[in-house]
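Colleague: Starting off with a structure, shown below.
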Amino acid sequence: MITDWLLRVAGRALPASRRPSDGPVVHDCARDMIDDGHSSIIREAGGLIWLGLAWRTNAAWSEVRGGPWRGAAAAIALPLGLLGVAIWIAAAPQPVGGGWPGLWWMALLGGLVSAVAAIALGHQRTALAGSLVALVPVAHDLWVQAGAGPGARVDLPLADGWLPLSGAWALPGVLLVVAARLTPRRDLRRASARVTVVVTVVVLATIGGPAISAAALGATVVTLSVGATAGGVLVARAAPTHLGGASRCGVLVAAAGLPVSAWAGAVAWSAHFDHGLGPIGLAGAVGAVLLGLVGLARRGGNLSN
Amino acid sequence: MSATITEPTYYTLAALLDGPLHGYAIARKAHELSAGRVRLSAGTLYGALTRLTERGLVAIDHQEIVDGRNRRYHRLTDAGRQTLKLEAGRMVEAAAIVMRHHARPAGGTA
């Protein structure tokens, strides 16, 4: 009686998807072994738990490995690039009109704008080149921060705080390079809507970004980041195809959350991150990535069983 | 390929040489063949059988209920038989090296 109960409890470790077909076979095999004195209850219960964990891990790994990552990366190329443009225009060295905006900032923004335009037009090589150029200032910043080279690290003023360039853009920048590499070639006429969106965002960010007051900008950023995260989760939960939709949403939420959370952290705490990727930005980034993975796992069927 | 076969896996495959067996019978036979060294629990055994099935070395033969208990029979595939043979050959060669060394008189120069 107790043996059956213990084995049944241990058998709960098996993934729900395999329980109906494999559960009774493994359970009865364990029962045979115990009844014949070949094994003990504890050993068999432990074996069942171990088997369940192994099957769950394998299922989770194949879900993640088999996810439509290429499609997801291609789908986020334009939103991610636009987000970068908007952030880095808003975080322009000030005053924009009267002073030298900074070489690294110009390289970053120039690379991003050309990458975004090329993604909208479906020109893969230019998109890749632009996103790589945008990574150069990030690499320089990391190099300087590591104490390996001369020069000053690149922190850009944003509202009342400072936004560390490499901390906020290293991971999204790498993701943008991957996304740009996978961007689908498009016919120019069909790309017109995307081009309009790009131009609108760039113009609005250029006009509005540096002029917005610190308090208004901070409030907008926090609202946007919370809204984007909540929106991403809602879309992930409602995704009609469990894995495809969730993967895309998960990656999108994580990608959008990284710079936005670093940005929101810088504004909300009005702090200067002395060590690049500050604890707030890091916590936000990790949180966003986890959120994306949870979105993926929730829709991944086997993962949540 | 052979290097990835662990001792429990080797004896699990070897247990199926004479024909299809159900889980507990495989575990018992592996225990006998290995002179008591390999003692598989149901969890470990079915984990191994799942992997071997995925690799095409073992296949499910049939399933039945005997005395109210579910029994799934597995059989060795041709690929499984071949892998087992290669692994056995490899072990014979590996053992021969050591045995030849021991057969030589101590301090001898060949």
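Quick note: the coordinates plus some simple rules give every number you see, no bench work behind them. Because the structure is predicted, anything quoted here is derived from the model rather than measured. Cβ coordinates were reconstructed from backbone atoms using ideal geometry, including for glycine residues, and neighbour counts include every protein chain displayed.
Colleague: Averaged across the residues of B:50-63, what count of C-beta atoms belonging to other chains lies within 10 Å of each residue's C-beta?
Modeller: That average works out to 1.
Colleague: Follow-up question, since we're still on this one. Please work out the FRET efficiency for the pair B:Arg90 and B:Arg55, using the Cβ-Cβ distance as r and a Förster radius of 22 Å; give the result to the nearest 0.05.
Modeller: Details: r = 17 Å, r/R0 = 0.79.
So the FRET efficiency works out to roughly 0.80.
Colleague: With Cβ to Cβ distances under 15 Å as the rule, what net charge do the other residues near A:Leu48 carry (K, R +1; D, E -1)?
Modeller: +2
Colleague: Return the average number of partner chain Cβ atoms within 10 angstrom of each residue Cβ along peptide A:17-29.
Modeller: That works out to 5 on average.
Colleague: Could the peptides A:32-43, B:61-72 be put in order, highest first, of the mean number of other beta-carbon atoms found within 10 Å of their residues?
Modeller: My ranking of the peptides, most packed first, is A:32-43, B:61-72.
Colleague: While we're on this one: With each label point set 7 Å from Cα along the Cα-Cβ vector, what nm distance links A:Arg8 and B:Arg37?
Modeller: A separation of 4.0 nm, rounded to one decimal place.
Colleague: Sequence-distant or interchain residues sharing an amide H contact under 5 Å with B:Gln63, placed H: which?
Modeller: Long-range HN contacts for B:Gln63: B:Tyr73.
Colleague: Ranked from highest to lowest mean number of other Cβ atoms within 10 Å per residue, what is the order of the peptides B:77-87, A:17-27, A:172-182? Can you show the working numbers first?
Modeller: On the way: B:77-87: 16.0, A:17-27: 17.7, A:172-182: 22.5.
Highest-to-lowest ranking by the protection proxy: A:172-182, A:17-27, B:77-87.
Colleague: What is chain B's relative contact order, in percent, from Cα pairs under 8 angstrom and six or more apart in sequence?
Modeller: Across chain B, relative contact order equals 28 percent.
Colleague: Moving on. Have a look at B:Leu33, B:His62, B:Gly43 and report the one farthest towards the positive end of the charge dipole of the stretch B:28-110, computed about the Cα centre with Cβ charges (Lys/Arg +1, Asp/Glu -1).
Modeller: Looking along the dipole axis, the top candidate is B:Leu33.
Colleague: For B:Val58, which sequence-distant residues (separation of 5 or more, or a different chain) have an amide H within less than 5 Å of its own amide H, given hydrogens modelled in the peptide plane?
Modeller: Those lying under 5 Å, H to H, from B:Val58 are B:Thr53, B:Thr77.
Colleague: If you add up the charges near B:Gly43, with Lys and Arg at +1 and Asp and Glu at -1, over every other residue whose beta carbon is less than 10 angstrom from its beta carbon, what do you get?
Modeller: Its environment carries a net charge of 0.
Colleague: Please give the average number of partner chain Cβ atoms lying within 10 Å of the Cβ of each residue in A:121-132, rounded to a whole number.
Modeller: 0
Colleague: Using the basic label-point model (7 angstrom from Cα toward the beta carbon), what is the A:Leu103 to B:Arg75 distance in nanometres?
Modeller: 7.5
Colleague: Give, in nm to one decimal, the length gained when the segment between A:Arg125 and A:Trp50 is fully stretched (0.36 nm per residue of separation minus the Cα-Cα distance).
Modeller: Values: separation 75, 0.36 × 75 = 27.00 nm, distance 4.85 nm.
Additional length available on full extension: 22.2 nm.
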